[in-house]
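Chemist: Structure below; questions to follow.
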Amino acid sequence: RHMEYAQVQDRWFDTGFLGNTVTPIQLFKQQANIWYGLFVLVSHLTGQDLEQSIAPAMLLNGLVFLTSAYAFFWFVLSKLQFSSTQILWASVLSVSALFCHLGINVMAYVRYYALAPTMLNFTLYFASIVLVHHLLQGSANKWRDSFLLIILLFTAGIVHRQEALYILVMSGLMLAWHVLVRPLAVPAYAHTESLFVRWWREVSKLQLSLLVSMALGFLMLVAVAYGLLERPTELYGKVVQWSQQGPILNRILYLNPEFQFIRVITIWGLFSYLLFIIFLRRFVHSAYIFAGMWVPAFTVFNPLFVDFFLRIEGPHTLWRMLFIVPIHVVMGASLVLLFGHIMNGRWGIKLTSLMAVVLVVLLLLPIRFMGFENSYSRITLDKLSKQSSYLLWEDALDFLSQKRPKNILTDPVTGYAISALTHHQTFQYKFTSSDAYRKYNFNFEDYDDKPLAKFSGWWLVLNLRDGAHSEVGELASNHWPADVLKVSEHYAPALQPNLEANPQRFKKIWQADKMAIYVIK
C-alpha cells in the first residue's frame, strides 16, 4: 500500500497538479489523489519526509476508525439488557475482536485500507446505521435525521460507493427486522390468536410499505442491470455458478464458500455464529445484530444480488460485503456473557464457558493441523524479503527518481512500482494490464518496421529481474497471481536483441543485473 500513497509525493508539486481543474466531486473521491495529497501537503509544509509521515498518518487513521467502532458498538450494546459495566467491557472486547480479526487475517481491513479515506468512510456507515435505528424507532427529529442520513449516504457514495452499498443493505435488513420480527416479539393478547393476526395488528403499515418499495426497487435495479450490462464470463473461482445449463440453474451464482467466504469470515467467525445462536434470545432484540448476521444470505449467497453485483462491480470485490457482518460485536457481547457464566455458573457451565473463551483466542492464531491452517496471519505479518518487494528494483528506482518526469514503457508490475515511487508516468491499472497499457504495447514479433518509432522521446525500462514466488498470492488473497513478480514473461523474445542491435534508435542510459533503461529516439 505504501507504493500507492507515495506516488503523489512529487506529482503534487512538480507536475503542476494544483493548477489542474478539479471538480467538487473529485475533492471527495478516493481515486482523485486529493486525499493522499493532503499528506503530501502536510509533509511539504512541515519539512518532514513523506515516508516518515506515512506511519503516523496510518496510525491516526486506524485510531479514528477503531474509536468510531467503539462508540458504535457501545450504542448497539446499550440496546441489549446489559449493565453499564457489561456494555463497557463488551465494547472493548468487540473493538479488540475487530482489530485482531480484520487486522491480522488475510482479508485485513485495518491494514488493507490503512491510509485510505475508505477507512474513514466506514465511520459514515456507523453514523448512518445509528440514524436508521433512530428513524425506525420513531425519532422525534425524523426530518433532521432523514436529511442527515441522505447527506451521509451521498457523501459515502462519492468517496467510495462500497460503503454506500453497505448502508443500503443494512438499512433494508434492519427495516425487515422491524416489519417481520419485532411485531412477533410482543406478548400475544390471546392464546387462540394466529401469528398472522398478531403480526398484522402490531406491524407499522408505513414501514411495511417502505420495505415493499425497497424490495420492488431492488428488483427493478436487477432487471435494468440484466438488460443493460453484461455479466463477466470469467469468475476466477471467486464466484460459483450452480450449473452451466440454462435457463435457471446457470443464473444461480454465489460467493465461493471454500475460498473468499471462509477466508473473510474464518473459522473464528463461524464460531461467532454459533455463539449468536446460543445467545439468540439476547440478540433477537437488536435490529442491527440480528439483521446483520443475515447479510451473507441476502448478499453473497443471494443469486439475484450476486448477478446484479457482478454486472456493476465484477467478481473481485463481492467478498467485501462480508465486512458488515456484525460477528465482532456478537463476539464481544458473547464473551461478557461467557465470563458471567464462568463467575456465577455451575461447574459444568463454568467449564464449557471457559473452553469457549479459550477457543475464541486459539481460533485467532495461525494454527496448523493436518494441513489445515485456520488463519493466514503468519504470512500476512511476516516481514517481506527483498526478493518479494519493490526493493528488488531499488537501484533502478533510485536512478529514475533523479531524472525529470518521462513517459515510460515497461511491464505492468514494474510500471506500478515506477509510477508509485518516482516522478515518471506509466500506463497500467495497478499491477495489471489495462486498455491504456495495451494501447502502448511494446511487444512485436519483429521490429523491422520500427513499431516503437511513435514513442520517440519516451523511455523504455526492460526488466528481466524476476522476484520471488508470492505465498500470499497463492494461498491467501488471490488479489494477485503467485508469479506476479515473474516480470520477464511480459517481454517478447525479440525485444532485447533488437534494442541491443540498434543503439542509434535505442540509447542505453542505465544497466544493472538484468535490467536496462533505454531512450527511444
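Chemist: Quick one: count up the residues across region 259-293 that are touching a residue at least 24 places away in the same chain (Cβ under 8 Å) and part of a helix (DSSP H, G or I). Walk me through it before giving the result.
Modeler: As a first pass, look at region 259-293 and keep what is touching a residue at least 24 places away in the same chain (Cβ under 8 Å): 259-261, 263-269, 271-273, 275-276, 278-279, 282-293.
Applying the additional criterion that residues be part of a helix (DSSP H, G or I) yields 259-261, 263-269, 271-273, 275-276, 278, 282-283, 287-292.
Adding up the residues that qualify gives 24.
Chemist: Mind listing just one residue for me: the one in region 242-262 that is aromatic (Phe, Trp, Tyr) and within 24 Å of the chain's Cα centre (by Cα) and, of those, modelled with the highest pLDDT?
Modeler: Out of the qualifying residues, it is Tyr254.
Chemist: Could you tell me whether region 447-460 includes any residue that is assigned to a helix (DSSP H, G or I), surrounded by 14 or more Cβ atoms within 10 Å (Cβ to Cβ) and modelled with pLDDT of 90 or more? Before you say what the answer is, go through the steps one by one.
Modeler: Residues of region 447-460 assigned to a helix (DSSP H, G or I): 453-455.
Cutting the leftovers down to surrounded by 14 or more Cβ atoms within 10 Å (Cβ to Cβ) gives us 455.
Going one step further and asking which of them are modelled with pLDDT of 90 or more, we end up with 455.
Yes: region 447-460 contains one or more residues that are assigned to a helix (DSSP H, G or I), surrounded by 14 or more Cβ atoms within 10 Å (Cβ to Cβ) and modelled with pLDDT of 90 or more.
Chemist: Separate question: So which residues in region 139-163 are among the aliphatic types (A, V, I, L, M), assigned to a helix (DSSP H, G or I) and more than 12 Å from Ala127 (Cα to Cα), if there are any at all?
Modeler: Hits for region 139-163 are Ile158, Val159.
Chemist: Within region 154-173, can you find the residues that are over 19 Å from Thr317 (Cβ atoms) and surrounded by fewer than 21 Cβ atoms within 10 Å (Cβ to Cβ)?
Modeler: Step one: filter region 154-173 for residues over 19 Å from Thr317 (Cβ atoms), giving 154-155, 171-173.
Of everything in region 154-173, those that are over 19 Å from Thr317 (Cβ atoms) and surrounded by fewer than 21 Cβ atoms within 10 Å (Cβ to Cβ) turn out to be Phe154, Thr155, Gly172.
Chemist: Taking the conditions exactly as written (touching a residue at least 60 places away in the same chain (Cβ under 8 Å) and over 22 Å from Leu322 (Cβ atoms)), does Gln162 satisfy them or not? First the steps, then the outcome.
Modeler: Working: touching a residue at least 60 places away in the same chain (Cβ under 8 Å): yes; over 22 Å from Leu322 (Cβ atoms): no.
No: the conditions fail for Gln162.
Chemist: Separate question: How many residues does region 242-276 contain that are over 27 Å from Glu474 (Cα atoms), in contact with a strand residue (DSSP E or B) (Cβ under 9 Å, 6 or more places away or on another chain) and open to solvent by 70 Å² or more (accessible area, probe 1.4 Å)?
Modeler: Matching residues across region 242-276 total 2.
Chemist: Starting from residues that are more than 24 Å from the chain's Cα centre (by Cα) and in contact (Cβ under 8 Å) with a residue 12 or more places away in the chain, keep the ones in region 216-241 and report whichever is surrounded by the fewest Cβ atoms within 10 Å (Cβ to Cβ).
Modeler: Leu219
Chemist: Of all the residues that make up region 466-484, how many are open to solvent by less than 20 Å² (accessible area, probe 1.4 Å) and modelled with pLDDT of 90 or more?
Modeler: 0
Chemist: Shifting gears a bit: Could you list, in sequence order, the residues of region 91-105 that are open to solvent by 40 Å² or more (accessible area, probe 1.4 Å) and either hydrophobic (A, V, I, L, M, F, W, C) or over 26 Å from Arg281 (Cβ atoms) (or both)?
Modeler: Answer for region 91-105, where residues must be open to solvent by 40 Å² or more (accessible area, probe 1.4 Å) and either hydrophobic (A, V, I, L, M, F, W, C) or over 26 Å from Arg281 (Cβ atoms) (or both): Val92, Leu93, Phe99, Cys100, Ile104.
Chemist: Search region 389-424 for residues being surrounded by fewer than 19 Cβ atoms within 10 Å (Cβ to Cβ) and of a type in the set (Gly, Ala, Ser), and hand back the single one that is farthest from Ala453 (Cα to Cα).
Modeler: Ser389
Chemist: Check off (1) open to solvent by 30 Å² or more (accessible area, probe 1.4 Å); (2) in contact (Cβ under 8 Å) with a residue 24 or more places away in the chain; (3) assigned to a helix (DSSP H, G or I) for Leu88 and give me the number that stays unchecked.
Modeler: Checking Leu88 against (1) open to solvent by 30 Å² or more (accessible area, probe 1.4 Å); (2) in contact (Cβ under 8 Å) with a residue 24 or more places away in the chain; (3) assigned to a helix (DSSP H, G or I), the one that fails is (2).
Chemist: Count, please, the residues in region 64-85 that happen to be open to solvent by 40 Å² or more (accessible area, probe 1.4 Å), within 22 Å of Phe122 (Cβ to Cβ), of a type outside the set (Phe, Trp, Tyr) and in a helix (DSSP H, G or I).
Modeler: Counting residues in region 64-85 that are open to solvent by 40 Å² or more (accessible area, probe 1.4 Å), within 22 Å of Phe122 (Cβ to Cβ), of a type outside the set (Phe, Trp, Tyr) and in a helix (DSSP H, G or I) gives 3.
Chemist: Right, something else. Restricting to region 277-329, and then to whatever is among the charged types (D, E, K, R) and within 26 Å of Leu363 (Cβ to Cβ), can you tell me which residue is surrounded by the most Cβ atoms within 10 Å (Cβ to Cβ)?
Modeler: Keep residues of region 277-329 that are among the charged types (D, E, K, R), which gives 281-282, 307, 311, 313, 320.
With the extra rule that they be within 26 Å of Leu363 (Cβ to Cβ), the set shrinks to 281-282, 320.
Working: Arg281: 8, Arg282: 17, Arg320: 20.
The selected residue is Arg320.
Chemist: Considering only region 96-119, I want to know if a residue exists there that is in a loop (DSSP other than H, G, I, E, B), of a type in the set (Gly, Ala, Ser) and either at pLDDT 95 or above or more than 27 Å from the chain's Cα centre (by Cα) (or both).
Modeler: no
Chemist: On the given criteria, is Ser139 under 21 Å from Ile289 (Cα atoms), surrounded by 16 or more Cβ atoms within 10 Å (Cβ to Cβ) and hydroxyl-bearing (Ser, Thr, Tyr)?
Modeler: no
The values are calculated or read from the model by the stated rules, or taken from the named source; none is laboratory data. Fair warning: this is a prediction, and the values are worked out from it, not measured in the lab. Note that we place each Cβ from the backbone using ideal geometry, even for glycine, and neighbour counts take in every protein chain shown. Protein only, heavy atoms only, side chains kept; ligands, DNA and RNA dropped before computing areas. Shrake-Rupley method; radii C 1.70, N 1.55, O 1.52, S 1.80 Å.
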